[in-house]
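The values are calculated or read from the model by the stated rules, or taken from the named source; none is laboratory data. Everything numeric in this text was worked out from a predicted model, so none of it was measured. Here the Cβ is made from the backbone with ideal geometry for all residues, glycine too, and neighbour counts use every protein chain on show.
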Amino acid sequence: MSASVSLTDVAQAFPGRERARLALDGITLDIEPGQFVCVVGPSGCGKSTLLDLVAGHTRPARGAVSVDGAAVKGPGLDRVMVFQDHALFPWMSVADNVAFGLKNAGIPEAEREARVAKWLGKVGLTDAASLHPHQLSGGMRQRAALARAFAMKPQVLLMDEPFSALDAPSRDRLHVELQELWADTETTIIFVTHNVREAIALGDRVIVLSSGPGRIIGDVPVALNRPRVVESERVVALAHKVRGLLDEADQLGITTPREGGDSYVSI
């Protein structure tokens, strides 16, 4: 299952000592059901704030956020977050961690067990079901977090730099595995990262944000064959173009829409 996501003229601000500080401004973005969209930009540009708005953890200061045409008014089971920190409960086994959300959602025990077994199998953790998080490698813990998320059958999966703390080999394997899980489920994914190559390797589109307040300065389609890896020459070449957008924005000091034109550019 998947859902469309729309943000229309969204702005978000946070209290400051003297006045509110804009984190995002003028964000208009339409994501089709089943798309894999990556969001990149410098630190402080509002990438995580964008995810929080779609998740319903916060409400926009201006504009509208909707999922499948319904206004986002708070968190819902149709949207699931995966964080940089795996957020597994240390006192629970891997299987119990994967089952936690299902149990809270009232899923019957038999179906719960079936879903847990299915997703542990898909992420290669069947033999680790009875282990606890401290007994797992970083990559295995993040696989458990993915199993927990996909087991909920979300329509939209929101991912906030989930692989940034992993070593390169673990990250590369998870890039391929995530693409396979996404292809199997057709879940809509919004994936935030600082790593431009990672964004190109994973996304159907890469949304490029300017420095804070974040505004869209690029919407880059990625039509490369899957599965992709960050070392691919085509990934590297397209990543170079995306970095060029970021460099151009930085050199021009773009933090507001360009006068007399669009507030973003496409390549």
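Scanning the range 51-84 for residues that are farther than 14 Å from residue 158 by Cβ, in contact (Cβ under 8 Å) with a residue 24 or more places away in the chain and either in the same structural domain as residue 116 (by TED's automatic domain parsing) or in a strand (DSSP E or B) (or both) yields a count of 4.
Scanning the range 147-174 for residues that are within 19 Å of residue 54 (Cα to Cα) and within 14 Å of the chain's Cα centre (by Cα) gives 149, 150, 154, 155, 156, 157, 158, 159, 160, 161, 162.
Is it the case that the range 57-79 has a residue that's at pLDDT below 95 and within 11 Å of the chain's Cα centre (by Cα)? Taking every residue of the range 57-79 in turn, none turns out to be at pLDDT below 95 and within 11 Å of the chain's Cα centre (by Cα). Would you confirm whether or not the range 166-180 contains a residue that is modelled with pLDDT under 95, part of a loop (DSSP other than H, G, I, E, B) and out of contact with any Lys or Arg (no Cβ under 8 Å at 6 or more places or on another chain)? Looking for residues that are modelled with pLDDT under 95, part of a loop (DSSP other than H, G, I, E, B) and out of contact with any Lys or Arg (no Cβ under 8 Å at 6 or more places or on another chain), one finds at least one in the range 166-180, hence yes.
Filtering the range 105-125 to residues that are surrounded by 12 or more Cβ atoms within 10 Å (Cβ to Cβ) and either over 23 Å from the mean Cα position of the chain (by Cα) or in a helix (DSSP H, G or I) (or both) leaves 107, 112, 113, 114, 115, 116, 117, 118, 119, 120, 121, 122.
Residue 41 meets the conditions (1) on the phi > 0 side of the Ramachandran plot; (2) at pLDDT 95 or above in every case but one. The failed one is (2). Tallying residues that are hydrophobic (A, V, I, L, M, F, W, C), modelled with pLDDT of 95 or more and in a loop (DSSP other than H, G, I, E, B) within the range 126-147 yields 2. In the range 167-218, what count of residues is obtained for those that are surrounded by fewer than 22 Cβ atoms within 10 Å (Cβ to Cβ), in contact (Cβ under 8 Å) with a residue 24 or more places away in the chain and of a type in the set (A, V, I, L, M, F, W, C)? Final tally of qualifying residues: 4. The residues in the range 148-165 that are part of a strand (DSSP E or B) and either of a type outside the set (Asp, Glu) or more than 13 Å from residue 198 (Cα to Cα) (or both) can be counted, and the count is 4.
Across the range 242-267, the number of residues qualifying as exposed (fewer than 15 other Cβ atoms within 10 Å of the Cβ) and at pLDDT 65 or above comes to 5.
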